[in-house]
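Input: a single structure, listed below in structure tokens.
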Amino acid sequence: MLNPLRSLFATSKILRTLNKHRRILGVAIFNYALLHVICFLVKRGGIMASLKWIKHPIILPGFIAFLIFIPLALTSNKFSLKHLKFPKWKKLHTKAYIAEWGIFIHMILWGGDTATYGLLFFMPLFILQGIHRYKRKQQEKAKVPMATTVTA
């Protein structure tokens, strides 16, 4: 999630510092999600009593996001990076963007203040990611050589 900000503010010292600790931030986000799920389970009366809620339209996107977070948290270490090799590790960790949408949908469907917070937190992020993707596509287009036409 730092890449869009870094592409806009490449010289920012704060972003460089955050980037050094991005795995720690990811694990912290997972821990918050885990705490959120534990509170949900306790409030609903345990795992078995909670199962009927998993398919609820408000709960399901958040639950899917949490399931995506599990392998990301488990592989946020040097051993996994070395074992998986960078391309596979990177591909796995791009799934965070899917989880991000799941969290956003979860918050919007919840309604009230939670939906407002979802919009406030995620809309700037989505805009930054859109700008980042647009810039990357422009750079890729610039790298592709133009096809030459041969006239007879």
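No value in this document is a laboratory result; all are computed from the given coordinates. From a predicted model like this one, the values you see are computed outputs, not experimental measurements. Every residue, glycine among them, receives a Cβ derived from its backbone with ideal geometry; neighbour counts consider all protein chains shown.
At-a-glance table
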read-out: Test result for Lys90, out of contact with any strand residue (DSSP E or B) (no Cβ under 6 Å at 6 or more places or on another chain), over 18 Å from Arg6 (Cα atoms) and basic (Lys, Arg); value: no
read-out: Exclusive hit being within 17 Å of Val37 (Cβ to Cβ) and under 13 Å from the mean Cα position of the chain (by Cα), set Leu125, Leu67, Leu92; value: Leu67
read-out: Test for Val27: is it β-branched (Val, Ile, Thr), in contact with a helix residue (DSSP H, G or I) (Cβ under 6 Å, 6 or more places away or on another chain) and either assigned to a helix (DSSP H, G or I) or surrounded by 12 or more Cβ atoms within 10 Å (Cβ to Cβ) (or both); value: yes
read-out: Qualifying residue in region 48-56 (condition: touching a residue at least 24 places away in the same chain (Cβ under 8 Å) and not in a helix (DSSP H, G or I)); value: no
read-out: In region 66-93, the residues that are within 30 Å of Gly111 (Cα to Cα) and in contact with a Phe, Trp or Tyr (Cβ under 8 Å, 6 or more places away or on another chain); value: Phe69, Ile70, Leu72, Ala73
read-out: Pair list, Cβ under 6 Å, 6 or more apart: region 118-140 residue surrounded by 12 or more Cβ atoms within 10 Å (Cβ to Cβ), other residue hydroxyl-bearing (Ser, Thr, Tyr) and in a helix (DSSP H, G or I); value: His132/Ser7; Lys135/Ser7
read-out: Out of Ser80, Ser50, Ser76, sole residue that is within 23 Å of Thr114 (Cβ to Cβ), among the polar types (S, T, N, Q) and surrounded by 11 or more Cβ atoms within 10 Å (Cβ to Cβ); value: Ser50
read-out: Scan of region 1-24 for residues that are of a type in the set (A, V, I, L, M, F, W, C), part of a helix (DSSP H, G or I) and loosely packed, with under 12 Cβ neighbours inside 10 Å, ordered by number; value: Ile14, Ile24
